[in-house]
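Here's the structure we're looking at; comments come further down.
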Amino acid sequence: MDPSGIAEACAAVERSIAAGADLIIISKFGKLEAERGGMRDAFAAAVAAGLPILTAVSPAVAEAWSVFAGPLSRFLPVDSTLVHAWWSDIRTAPDLPAAG
């Protein structure tokens, strides 16, 4: 992975958060993030801002994701209907941040 590209991507997520994003979508929480690298800073910024995160998580790092995201984590099958329902629930919940 290109460290400068990762830094740019993290900065873009942080700019989106500052601009008032309602949802953060990051392609995946993978091995690098589980090892405290990669896009982990972007995930952390979204969590700190109380924003829901939509991402893919490999079964190999599911435990690391659960530890990182805590009790707000939800695992969903790859199904657009379920993802839309998750977003609808999160979007309408009063003051309920979520990681997903």
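The values are calculated or read from the model by the stated rules, or taken from the named source; none is laboratory data. Predicted model only: the values in this text are computed from it and were never measured. With ideal geometry, Cβ positions are generated from the backbone for all residues, glycine too; neighbour counts draw on all protein chains shown.
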Would you call Leu32 under 20 Å from Asp89 (Cβ atoms) and either at pLDDT 95 or above or surrounded by 13 or more Cβ atoms within 10 Å (Cβ to Cβ) (or both)? no
Looking at segment 82-96, can you tell me whether even one residue there is over 18 Å from Met1 (Cβ atoms) and surrounded by 18 or more Cβ atoms within 10 Å (Cβ to Cβ)? yes
Give just the number: which of (1) over 25 Å from Val78 (Cβ atoms); (2) hydrophobic (A, V, I, L, M, F, W, C); (3) in contact (Cβ under 8 Å) with a residue 12 or more places away in the chain does Ala11 not satisfy? (3)
Condition check for Leu76: at pLDDT below 90 and over 12 Å from the mean Cα position of the chain (by Cα): no
